Amino acid sequence: MWVGSRRRIRDSLKRWSIRCLCGTLIGMAMAKGHILQEIKRTAAKNGGAPLGTALFEAETGIRTADWCGIHWARWGDALREAGFEPNQMRGAYKAEHVLQKFAELAQELGRIPVKAECAMKRKRDPNFPSFNVFARFGSKADLIRELSQFCRSSEGFDAVLAMCEEQLQQPPMETVRRPGLIVVFADDKLLTSWPR
């Protein structure tokens, strides 16, 4: 009885493609033809434009590990084989656009935003740039200087300009690390210290 059951299971595995909920074949590589069909299907559903890898995985359950290094080295190669042009990387935002978004958030909050507030805004509004985009301006003081110049040349950001000028007038802080102690100075005045 045991031998017959094992044989039936083995035979049924050969005859049927048993798929997990995520769509991959159990114990076998994902079929190249199936991936190409899914690329075409999802592209048709997306108005003729192929999806990127993250959206493709979310839509189909086909992971990057199912095709990368097995059938293709790059997602663009898979798209070409499916009959599409590879997706193009999004270009960098213009500085004016980035500064405008930052100024609008500052206006909304009534203060200069910190990294966490930018991240929260990004979650609510996917058109808001990632905080990493703001890092191209350099330090926070450099960003505020650029924002200040932007607000001077743009209408409706007088309150943000005042916030920028207030921030720029504050003396820079200096942190000194000594063995067993961290000391913070601003304008040669001791602000705080704590043991390491």
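A residue that is surrounded by 12 or more Cβ atoms within 10 Å (Cβ to Cβ) and at pLDDT below 65 occurs nowhere in region 154-165. Of all residues in region 31-54, exactly one satisfies the criterion of being in contact with an Asp or Glu (Cβ under 9 Å, 6 or more places away or on another chain) and loosely packed, with under 12 Cβ neighbours inside 10 Å, namely LYS45.
Taking the criterion of being out of contact with any Phe, Trp or Tyr (no Cβ under 8 Å at 6 or more places or on another chain), assigned to a helix (DSSP H, G or I) and closer than 15 Å to GLU96 by Cα, the residues of region 144-158 that qualify are ILE144, ARG145, SER148, GLN149, ARG152, SER153. For beta carbons closer than 9 Å, sequence separation of 6+ or different chains, a first residue in region 138-152 that is in the same structural domain as LYS101 (by TED's automatic domain parsing) and of a type in the set (A, V, I, L, M) and a second that is at pLDDT below 90 and surrounded by 20 or more Cβ atoms within 10 Å (Cβ to Cβ), the qualifying pairs are LEU143/PHE134. Checking each residue in region 84-121 for being of a type in the set (A, V, I, L, M, F, W, C) and surrounded by 16 or more Cβ atoms within 10 Å (Cβ to Cβ) picks out PHE84, VAL98, LEU99, PHE102, ALA103, LEU105, ALA106, ILE112, CYS118.
The values are calculated or read from the model by the stated rules, or taken from the named source; none is laboratory data. Because the structure is predicted, anything quoted here is derived from the model rather than measured. Glycine also receives a Cβ, built like all others from the backbone with ideal geometry; neighbour counts cover every protein chain displayed.
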